[in-house]
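Below you'll find the structure, written out as structure tokens, and then a few comments.
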Amino acid sequence: MMEQSKKRYRVLILSGAGLSAESGLKTFRDHDGLWENHNVMEVCSVDGFRRDPKLVANFYDKRREELKNAEPNSAHLELAKLKREFPDDIAIVTQNVDDLLERAGCDEVIHLHGTLVDLRCESCGEIFRVGYESQNSKECPKCHRDYIRHNVVMFGESAPKYQILDEINRYAEYFIVIGSSGQVLPIGLMASFHEHSIINNLYPENGVDDYFKKAIHKPATEAIKDISMEIREFLLTT
Ligand code: APR
């Protein structure tokens with residue numbers, strides 16, 4: 001199968017925490033920076049991990065527990081439907097580490113910040129599924145060492161898949177953002193390269209809206225109807 005970065009998708013759909021908010025998964029910024037009285041940046045940064053690996057493992061165990069009880073919402077389902085209808089025209093890229101798009105039936109999701117349902121072996125680099133279980137007492141299925149960690153990119157680490165995002169953004173004709181504040185990725189700059197672009201958040205976000213042709217300030221499960229219509233019309237008429 002052709003490398004994802006080599007494919008020339010016509011539509012790039014980039015999602016953030018807002019896509020999964022209506023499934024009950026809090027966005028990091030909802031906690032006003034706190035999680036069980038820990039500073040989220042602490043728990044999600046390399047320094048915090050070095051200082052207290054147990055606390056960080058516990059944080060991700062709790063998020064897996066939450067994810068087990070969450071369900072895909074209608075925005076996940078519609079994105080999965082679009083991807084099935086236009087597999088070679090639409091790239092589904094997300095900053096989210098949840099598996100709700102996959103559970104909605106979406107193949108080929110590109111996770112820029114890793115995946116909560118996997119663990120990574122620090123000895124041999126193997127990435128293996130843990131599902132919604134705790135990482136306690138797990139060992140690498142390949143080298144059988146127990147030097148393992150969450151498969152989620154932390155602040156202070158590089159995100160290798162940004163390269164793929166760049167490639168896809170270069171050739172896409174339509175750029176759509178669903179549920180992201182743009183505090184981590186330069187979505188405004190990315191949008192400025194496109195003639196067709198939509199941003200969907202609950203409210204205007206620190207000036208990024210101005211870079212998009214259209215801004216929809218509604219919950220993703222409502223906005224997805226407009227977005228889906230625009231994408232189908234674009235792909236079927238141009
Ligand atoms: N529908 C649409 N948008 C929503 C909804 C909703 N139901 N609920 C919240 N939003 C929007 C908010 O308006 C906000 O702009 O989703 C956005 C969430 O922004 P963030 O919490 O900053 O999430 P995100 O942009 O994904 O963060 C990027 O930063 O926290 C780190 O690595 C983490 O991947 C994450 C990255």
Item to complete: Output the residue which, of all residues in the stretch 184-224 that are surrounded by fewer than 13 Cβ atoms within 10 Å (Cβ to Cβ) and not aliphatic (A, V, I, L, M), is nearest to the chain's Cα centre (by Cα).
Response: PRO186
Fill in: Every residue from the stretch 166-183 that is aromatic (Phe, Trp, Tyr), buried (at least 20 other Cβ atoms within 10 Å of the Cβ) and more than 20 Å from GLU78 (Cα to Cα)
none
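Every read-out reported here was derived from the displayed coordinates using simple, explicitly stated rules and does not represent laboratory data. Just so it is clear, the model here is predicted, and its values are computed rather than measured. Using ideal geometry, Cβ is built from the backbone for each residue, glycine included, and neighbour counts are taken over all protein chains shown.
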